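The next block holds one structure in the form of structure tokens; read it before the comments.
The values are calculated or read from the model by the stated rules, or taken from the named source; none is laboratory data. Values in this document were obtained by computation on a predicted structure and should not be read as measured data. Note: ideal-geometry Cβ built from the backbone for every residue, glycine included; neighbour counts use all protein chains shown.
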Amino acid sequence: MSDRVLLSAVSAGRRWLVAAVLTASVSTAASLLLPATLGRALDAALLHHDRLTVAVVELAVVLAAIAIADVVGQLAGTAGAAGTTAWLRRRMVVGLLAAGLPGQRRFPPGEATSRITTGATAAGRVLPLVLVACTTALSTVVALIALGLIDWTLPVTLLVGLPVTVLVLRPFARGSTKAYTDYQTAQGEIADRLADALAGLRTIRASGTATAEVDRVLGPLDRLRSAGIATWELQKRIAWAFGLLISVLQVAVLAVAGWSVSAGRISPGDLVAAIGYATIVLGAIEQIDALAELAQARAGAGRVAELAADVPVVRRDGELPDGPGEVELRSVSVSIQDRLVLDRCSMTVPAGATYAVVGPSGAGKSTLVGLLGRLVEPDSGEVLIDGCPVSTLDSSALRSAVGYAFERPALVGATVAEAIGYAASSGIESAALAAHADGFIRRLPGGYRTPLVDVPLSGGEQQRIGLARVVAQQARVLVLDDATSSLDTATEAEVTAALAEVLPGRTRLVVAHRAATAAAADRVVWLEKGAIRAIAPHEALWSEPAYRALWS
Amino acid sequence: MVRARLPGAVVMSLLSRVLRERRRPIAIIFALSVIEAAPTVLMGQFLAQALNHGFLVRRPGTGFLWLGALLGAMVLAAIATRLIYPRLSTVVEPMRDDLVRMVVGASLQAPGHRSAGADPAAIARLTEQVEVVRRLVSALLRTFRQFGMAVVGTIIGVTVLSPILAVFVAPAVGVSLVVFGFLLPRLAGRQRTVVLADEAVARDATGLLHGLRDVLACQATDRATADMAAVIDRQARAAKKLARVSSLRVLIVAFGVQVPLVALIALGPHLIHSGQLSVGALVAAAGYLTVTLEPALRSLIQVAGSWILQLAVVLSRLSEIIGPQTTAAPGLTAPGAAASSLDLCCSGLTFAYGPHAEPVLRDLDLAVADGEHLAVVGPSGAGKSTLADLMCGLIRPQHGEIRIGGVSPDAWDPASLRASVALIPQEAYVFAGTVAENVAYLNPAADLPAAAEAVGLGELLDRLGGWDAAVRRSALAAGEQQLIALARAYASPARLVILDEASCHLDQRHEALIERAFRDRPGSLIVIAHRIGSARRADRILVLDGLSAVAGRHEDLVATSPLYAKLAGHWEPAIPRVTRG
């Protein structure tokens, strides 16, 4: 499956693929001809002067072919890889958005980001690396044959020498990788300590303890250094053994070729050709790295393929009839990761009413309100707004039907203004005014055009921008999922009043953690273990000890 | 954010700053590199001798001898390699240590306020960037050094073979290096564009995925997909543009190596005939050009065109954070510990977070007598935390002045100022260590049990397993973190304590207990209130809404300040219900 996705990714840039394969073939063939051509040209220069012009032209043609093929090949390989990467990334984004919140449980944001960034880059390199691997393998075989054609003793020398190389190399290459693990552990500890200290930076500044904190963060530095030095020891053993053995093989080929020259079996030009072919074979040993890289890239491709698989297209073209915003749940059940989160819940919220949703954590409050905007898909049952099933609505119809504000809103968009207008395009400043966000936004360095990445916003500020976003959206049903928890009580009351003023008559579902919020609602939907225990006014429920226990 | 300027001087100064101390091992590495390059220099000469005096004249024994000498040189080179690696580690590892120190120091010690504070995740990524520098410098010291030596060695080698050969080889290599030098700035520019495009993909993907719920809730998947696709395609275009320039490197290498090779062979008979070149030398020169020079020059140019540029990009990023070496400004006078009274006096304070931003505080006057208990109330965003930062001397007002014990915070000796004034912010700082270490953070000689008793830490202590139990920020609830920070403040020697919503995650009864404990403690107490209860307990209340401020007692303010009446009114009814039952 991963290879299939990769194949379609690669064939999306077919032109580059053809160019890369063609140039790789030309380059390989010409590189294999080079030692022989060079040898013939040298012999012509030394012994057969009459053939010199032809031989030199041949040599120039071969060299030019290699250079041109390599230029085009490198361009095609990189451009093809970039195209493949971009194709895979776009597919992954579509796939992740379609998989929605259930998908996020399988692929948390950090994991998915790493697949989009490094995973897709690695997958894009698969084709160029496969080409390298194929041409290297082919070149090695042909070079060995060419050596055999010059003198049979030459390939024998290398074929005996190679296993020896591998045998001698192995104990060195094996060495412990513990140093690398230790290194990463120490590095991670420093990063963690730095993150902790940065979270407490205001305390540290106010306490004047920055110097001591620097020392604390750097505590594992000694261990980091000794692990680092150990990794050098490992590299040293590999490097010197590797270098020496390649040298020994080179000299061995020279000695055997020299012997053949003095025995009159081969010409000096043949000797140069032999050096050339031996270099190709020895170069292949160094390409073992590329094979490891290929394995890595394929693993990356596998991780990417999971996310880039075809997305089933769901047709949604239902239109939302005009209506006041009545919400109805008909025997809705939801399971998340095999756990029943909502069990046959039914309720009707009359248009314009405010219902508070309460219950202990894990009771299914967020799942219940998530059903309206299809953040959660029901396993069975139906969710209707003004009698119209939300499952049939297209995204713009649903956008005008349901709007959300969250406890911790994630602000998407490049600037503050874009974040507020993410679900609408007009009325941004008046929405910010209603949400009591206009004041602090104007105090930001760039006002409404301040890029979000430039300003760390407090929880309360984020909540107010989230509220402004839902005001701008102007949907018929409003879902407030603990959306004012970070505001002080006075601001909360003002925002609530302002919302009522700018969004009059909207149906509201409010997930409440404060008794005052529940008391202010028309009805309270009391959830317990995924089931609706009661729907009644706050005052009516207050007589039940279990209900009062929710607020203690 | 990355500026569009090219690193150049800044990078070089950072690099020289971290490598300056390591001159000796670097010198030894280069001395050993000469031995390592010896086989390259000698190869042509020895091969020519082996051919001319051995194999070509049917005396293979002599040929083998010369080859044996070559092998000897190679063994010496391998030994040199062995000796080089430990020296590399003495250059690279301390360099990394220095960079980590600079990064950690700069991010914890740099002065700054909210608008200058970068996203903590971005700063944490700095440690990864230090690692990239380490990898690239190591790779450069290993590979670039080796190939550089090989190129120089080859040119020396052919010159030793016959000076006439140098006439062919040296100019061509020189020209190709010069051409590459001209290409380098364009390559650097495009490489930088690619790095920035890569970062944009990572940043936007992170933003999108963390905001997935909100994108879905806004029914904006089409918009999100289009935004993301634009960033992804921009990255692909940047990579292709880079490839167009970088593939030209192949031609440059071909020019440097292949042109002299063809010329050498075409003119070979003439050179041999005129006695300027031996047969063996011609063969050896051809071997040099194809076997040694071509791969060395190719690698040199590839490496210079990618690693060095990457290193420059990463170093320029780091140097933006690290900046010039900073030293703490010394206090002008040091009256702190001697000040008999810690009266706090603010006059005409004005503060804004940017030159174009509206001020958060405007023309604020306030006096707090030593021993007084003041509460600060106001709507979110009214500038309460800003006022706290100003009072501690963490930020400076644009206008107006603050005096603590009659002296401006800037004029205090920093150590005695920090010992006299404690600020406990809402986001508590708990570091990985024992409970005792965390509580004794501001006062090693603190009476820990008394502090625990005062703030009600006992229950948490029992749960964690006593004073010597190890704590981690991530393993504690927000209220528990605040409790530890409050115990720390109580145990500190400070005589002016500012609690900036420092107990907002604790329940009201616990908050009341703590505020009473601080009130009974010697010195002044300023509480930035999250709930009305905190205000009612204070001697005096400052009502802040950024542009105006009034101070007074609760009973008076209810009547005189409409804002306070409103705040108090909204606060009051919610409380009894929440605590009931």
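Looking across region B:238-270, the residues that are over 23 Å from A:VAL61 (Cβ atoms), at the interface with another protein chain (Cβ under 9 Å from one of its Cβ atoms) and in contact (Cβ under 8 Å) with a residue 40 or more places away in the chain come down to B:ALA238, B:ALA239, B:LEU242, B:SER246.
Name the residue, out of A:GLY243, A:GLY283, that is of a type outside the set (Ser, Thr, Tyr), facing another protein chain (nearest Cβ under 7 Å) and either touching a His at 6+ places or on another chain (Cβ under 6 Å) or over 30 Å from A:ARG115 (Cα atoms) (or both). Just a single option satisfies the conditions, and that option is A:GLY243. Whether a residue is assigned to a helix (DSSP H, G or I), in contact with a Lys or Arg (Cβ under 6 Å, 6 or more places away or on another chain) and closer than 17 Å to B:GLY148 by Cα was assessed, and B:ILE29 passes this test.
If the condition is being at the interface with chain A (Cβ under 8 Å from one of its Cβ atoms) and farther than 25 Å from B:GLN146 by Cβ, then region B:58-96 contributes B:ARG58, B:ARG59, B:PRO60, B:GLY63, B:PHE64. In a residue-by-residue description of region B:73-85, the property of being closer than 14 Å to A:SER262 by Cβ and in a helix (DSSP H, G or I) applies to no position. I need the full set of residues from region A:329-381 which are closer than 22 Å to B:LEU216 by Cβ and among the acidic types (Asp, Glu), in order please. Of everything in region A:329-381, those that are closer than 22 Å to B:LEU216 by Cβ and among the acidic types (Asp, Glu) turn out to be A:GLU377, A:ASP379.
One line per residue, one yes/no per condition, for (1) touching a Leu at 6+ places or on another chain (Cβ under 9 Å); (2) closer than 25 Å to B:VAL377 by Cβ; (3) of a type in the set (Phe, Trp, Tyr):
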position	(1), (2), (3)
B:ALA445	no, no, no
B:ALA451	yes, no, no
B:ALA470	yes, no, no
B:SER474	no, no, no
B:LEU483	yes, yes, no
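Evaluate region B:414-430: report whether one residue or more is away from chain A (no Cβ under 14 Å), over 13 Å from B:SER492 (Cα atoms) and assigned to a helix (DSSP H, G or I). Within region B:414-430 (the criterion being away from chain A (no Cβ under 14 Å), over 13 Å from B:SER492 (Cα atoms) and assigned to a helix (DSSP H, G or I)), the answer is no, since none of the residues qualifies. Scoring A:TYR448 on the criteria (1) under 19 Å from B:ASP222 (Cα atoms); (2) in a helix (DSSP H, G or I) leaves a single failure, condition (1). For region A:281-297, the count of residues that are touching a helix residue (DSSP H, G or I) at 6+ places or on another chain (Cβ under 9 Å), more than 30 Å from A:LEU6 (Cα to Cα) and buried (at least 21 other Cβ atoms within 10 Å of the Cβ) is at least one. Looking across region A:503-524 at every residue that is closer than 19 Å to A:SER366 by Cα and surrounded by fewer than 20 Cβ atoms within 10 Å (Cβ to Cβ), the one that is nearest to the other protein chains (Cβ to nearest Cβ) is identified as A:ARG514.
Please give the number of the condition A:GLY264 fails out of (1) facing chain B (nearest Cβ under 7 Å); (2) free of Cβ contacts under 8 Å to residues at least 12 places away in the same chain. Here A:GLY264 meets the rest and fails (1).
Please specify each residue of region A:460-475 satisfying the condition of being of a type outside the set (Gly, Ala, Ser) and in a loop (DSSP other than H, G, I, E, B). Matches in region A:460-475: A:GLN474 only. The set of residues in region B:539-566 that are under 43 Å from the mean Cα position of the chain (by Cα) and not in a strand (DSSP E or B) comprises B:ASP545, B:GLY546, B:LEU547, B:SER548.
So, A:ALA82, is that one facing another protein chain (nearest Cβ under 7 Å), in contact (Cβ under 8 Å) with a residue 12 or more places away in the chain and over 30 Å from B:SER274 (Cβ atoms) or not? The answer is yes for A:ALA82.
Residues considered: A:LEU550, A:LEU527, A:LEU541. Of these, the only one that is crowded, with 22+ Cβ neighbours inside 10 Å and either at pLDDT 90 or above or farther than 21 Å from A:THR348 by Cα (or both) is A:LEU527. Among the residues of region B:527-541, are any touching a Cys at 6+ places or on another chain (Cβ under 6 Å), facing chain A (nearest Cβ under 10 Å) and at pLDDT below 90? Yes, region B:527-541 has at least one match.
Sort through A:THR135, A:THR85, A:THR78 and tell me the only one that's surrounded by 24 or more Cβ atoms within 10 Å (Cβ to Cβ), assigned to a helix (DSSP H, G or I) and touching a helix residue (DSSP H, G or I) at 6+ places or on another chain (Cβ under 9 Å). Being surrounded by 24 or more Cβ atoms within 10 Å (Cβ to Cβ), assigned to a helix (DSSP H, G or I) and touching a helix residue (DSSP H, G or I) at 6+ places or on another chain (Cβ under 9 Å) holds for just one of A:THR135, A:THR85, A:THR78, which is A:THR85. With the condition kept exactly as written, say whether any residue in region B:288-305 is among the charged types (D, E, K, R) and either touching a strand residue (DSSP E or B) at 6+ places or on another chain (Cβ under 8 Å) or at pLDDT 85 or above (or both). Yes, region B:288-305 contains a residue that is among the charged types (D, E, K, R) and either touching a strand residue (DSSP E or B) at 6+ places or on another chain (Cβ under 8 Å) or at pLDDT 85 or above (or both).
Quick one: count up the residues across region A:202-240 that are under 30 Å from B:ASP389 (Cα atoms), part of a helix (DSSP H, G or I), facing chain B (nearest Cβ under 7 Å) and hydrophobic (A, V, I, L, M, F, W, C).
Summing the residues that are under 30 Å from B:ASP389 (Cα atoms), part of a helix (DSSP H, G or I), facing chain B (nearest Cβ under 7 Å) and hydrophobic (A, V, I, L, M, F, W, C) in region A:202-240 gives 5.
Does A:GLU539 satisfy the criteria of being part of a helix (DSSP H, G or I) and more than 10 Å from chain B (Cβ to nearest Cβ)? Taking the combined requirement at face value, the residue satisfies it. Checked against (1) at pLDDT below 90; (2) touching a helix residue (DSSP H, G or I) at 6+ places or on another chain (Cβ under 7 Å), B:GLY456 meets all criteria but (1).
Checking A:LEU149 against (1) under 30 Å from A:GLY77 (Cβ atoms); (2) modelled with pLDDT of 85 or more: exactly one of these is not met. Which one? Failing condition for A:LEU149: (1).
Among the residues of region A:378-391, those identified as on the phi < 0 side of the Ramachandran plot and more than 14 Å from every other protein chain (Cβ to nearest Cβ) are A:PRO378, A:ASP379, A:SER380, A:GLU382, A:VAL383, A:LEU384, A:CYS388, A:PRO389. Across region B:271-287, what is the number of residues that are within 8 Å of chain A (Cβ to nearest Cβ), in contact (Cβ under 8 Å) with a residue 12 or more places away in the chain and among the aliphatic types (A, V, I, L, M)? Number of matching residues: 4. For B:VAL291, the conditions (1) touching a residue at least 12 places away in the same chain (Cβ under 8 Å); (2) surrounded by 18 or more Cβ atoms within 10 Å (Cβ to Cβ); (3) within 45 Å of the chain's Cα centre (by Cα) all hold with the exception of (1).
Scanning region A:254-269 for residues that are part of a helix (DSSP H, G or I), farther than 18 Å from B:ALA285 by Cα and more than 56 Å from the chain's Cα centre (by Cα) yields A:TRP259, A:SER260, A:SER262. Which of the following residues is over 19 Å from A:ALA518 (Cβ atoms), at pLDDT below 80 and not in a helix (DSSP H, G or I): A:LEU487, A:LEU457? Sole residue among the options that is over 19 Å from A:ALA518 (Cβ atoms), at pLDDT below 80 and not in a helix (DSSP H, G or I): A:LEU457.
Checking each residue in region B:207-230 for being at the interface with chain A (Cβ under 7 Å from one of its Cβ atoms) and under 16 Å from A:LEU88 (Cα atoms) picks out B:THR225, B:MET228, B:ALA229.
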